[in-house]
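Undergrad: Sharing a structure with you now.
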Amino acid sequence: MKVVVTIEARMSATRLPGKVLFPIVGLPALGFLISRLKQASMIDEIVVATTENPVDAPIEAWARTLGASVFRGSETDVMGRVLDAARLVKADVVVELTADNPLIDPKVIDYAVKCFVSQDVDYVSNVTHRTYPLGMDTQVFSTRVLEDAYNRTQDPVHLEHVSLFIYRNPSIYRLSTFQAPDALRRPDLRLTMDTMEDYQVIVKCAEACVQVHPNFGLEDVIGFCDQNPEITALNNEVIHKWV
């Protein structure tokens, strides 16, 4: 069983264009994310799913430099793009991530995959019932299930949000959720990158935590945020764009 991380990334983000290549501790954000994902023990391969838009050529170049595979497809049909990326690398199981979350903890990913493998379900995530900080979003499903979902819908909203059709149809798919342990149960923290204020928070967290431990975890980020409330104050007024 081949487990593959897919990373959705494009330069033309609405609120913060080019953010996926903004620098974080000497690497572009995408590179920082890939370097963290390589610490996950349950992952066999990483593939960046970007678009055919010429502006996204630097994403492909950076991803290949950092040892990730690349698939380039439709800008609007993200569901199809991720599916084709999974097919390209012959993935059996997909761990769906976005480049918006460069601080994601590899241990969260490993735990999500273990939950998926150990349960008789079609979909496992920590997003349908939020207990982790925003920015630890991890969704796991088989390529077969994603193919089935893709064949059932052409709704533009579903095509834009890869797994939305899956987790909004519990009558079709067997769904499961995993929750954060008490020490990491902080849904109030915003650790995703959608605005310049978000980027400032992520950079400050990364710079501080990497000095303590190069392979820092979510517990280190939470500790830093709690000790430096002025940092999280930078983006606590940002309104998240929910589906």
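The values are calculated or read from the model by the stated rules, or taken from the named source; none is laboratory data. Keep in mind it's a predicted model, so treat the numbers as computed, not measured. Note: ideal-geometry Cβ built from the backbone for every residue, glycine included; neighbour counts use all protein chains shown. For the accessible areas, the whole protein counts, side chains as well, though only heavy atoms, and no ligand, DNA or RNA atoms are used. Shrake-Rupley method; radii C 1.70, N 1.55, O 1.52, S 1.80 Å.
Undergrad: Using a 1.4 Å probe on the protein heavy atoms only, what accessible surface does His129 show? Give it in Å² to the nearest 10.
TA: 90
Undergrad: Give me the base-10 log of I(q)/I(0) for region 89-210 at each q in 0.12, 0.18, 0.19, 0.23 Å⁻¹, Debye formula, one uniform scatterer per Cα, rounded to two decimals.
TA: -0.48, -1.00, -1.09, -1.37
Undergrad: Using DSSP, restrict attention to beta bridges with both residues in the chain and report what percent are antiparallel, rounded to the nearest 5. Mind showing how you got there, number by number?
TA: Numbers: 9 of 29 bridges.
Antiparallel bridges make up about 30 percent of those DSSP assigns within the chain.
Undergrad: Of Asp226, Asp84, which has the most accessible area and how do the rest follow, probe 1.4 Å?
TA: Numbers: Asp226 85, Asp84 60 Å².
I get Asp226, Asp84, largest accessible area first.
Undergrad: With no solvent and one point per C-alpha, what does the Debye sum give as log10 I(q)/I(0) for the chain at q = 0.12, 0.14 Å⁻¹?
TA: For the chain at q = 0.12, 0.14 Å⁻¹, log10 I(q)/I(0) is -0.64, -0.89.
Undergrad: Can you give the relative contact order of region 64-202 as a percent, counting alpha carbon pairs under 8 Å and 6+ residues apart?
TA: On the way: 205 pairs, mean separation 41.4, N = 139.
Result for region 64-202 is 30 percent.
Undergrad: Which order do Thr50, Thr65 take by accessible area at a 1.4 Å probe, largest first?
TA: The ordering from most to least exposed comes out as Thr65, Thr50.
Undergrad: Would you mind calculating the gained length between Asn236 and Arg185 on full extension (0.36 nm times residue separation, minus the Cα-Cα distance), in nm to one decimal? Display every interim value, and only then the final one.
TA: On the way: separation 51, 0.36 × 51 = 18.36 nm, distance 1.72 nm.
Between Asn236 and Arg185, full extension yields 16.6 nm more.
Undergrad: Among DSSP beta bridges whose residues both lie in region 1-132, state the antiparallel percentage, nearest 5. Don't skip to the answer; put the middle values down first.
TA: Details: 2 of 18 bridges.
Looking only at bridges with both residues in region 1-132, the antiparallel portion is about 10 percent.
Undergrad: What number comes out for accessible area per residue over the chain if the probe is 1.4 Å? Units Å², please.
TA: Values: 10500 Å² over 243 residues.
On a per-residue basis, 43 Å².
Undergrad: What's the angle, to the nearest 10 degrees (0 to 90), between helix 106-118's Cα axis and the longest principal axis of the chain?
TA: 30
Undergrad: When only DSSP loop residues count, what trypsin sites (Lys or Arg not before Pro) in region 178-243 have their Cβ near at most 13 other Cβ atoms within 10 Å? Spell out each step's value before the answer.
TA: On the way: sites: Arg185, Arg190, Lys204, Lys241; in loops: Arg185, Lys241.
Passing sites in region 178-243 are Lys241.
Undergrad: Taking the Cα centre of region 175-238 as the origin and placing charges on Cβ (Lys, Arg +1; Asp, Glu -1), which of Phe216, Met193, Asn228 is farthest toward the positive end of the dipole?
TA: The Cα lying farthest towards the positive end belongs to Phe216.
Undergrad: The chain: longest stretch without exposed GluC sites (Glu not before Pro) (DSSP loop, at most 13 other Cβ within 10 Å), sites themselves excluded? It would help to have the intermediate numbers written out before the result.
TA: Numbers: sites that count: Glu52, Glu237.
The segment 53-236 is the longest one with no such site.
Undergrad: If you roll a 1.4 angstrom probe over the protein chains with everything in place, what fraction of the accessible area of region 41-105 belongs to carbon and sulfur, to the nearest %? Before the final figure, lay out each step's value.
TA: Values: 1270 of 2410 Å².
Here it works out to 53 percent.
Undergrad: With contacts defined as alpha carbon pairs under 8 Å and 6 or more residues apart, what's the relative contact order of the chain in percent?
TA: Computed over the chain, the figure is 20 percent.
Undergrad: Let me test this: with uniform point scatterers at the alpha carbons of region 1-129, what is the Debye-based log₁₀ I(q)/I(0) at q = 0.13, 0.18, 0.19, 0.20 1/Å?
TA: After summing over all Cα pairs, the log10 values are -0.50, -0.97, -1.07, -1.18.
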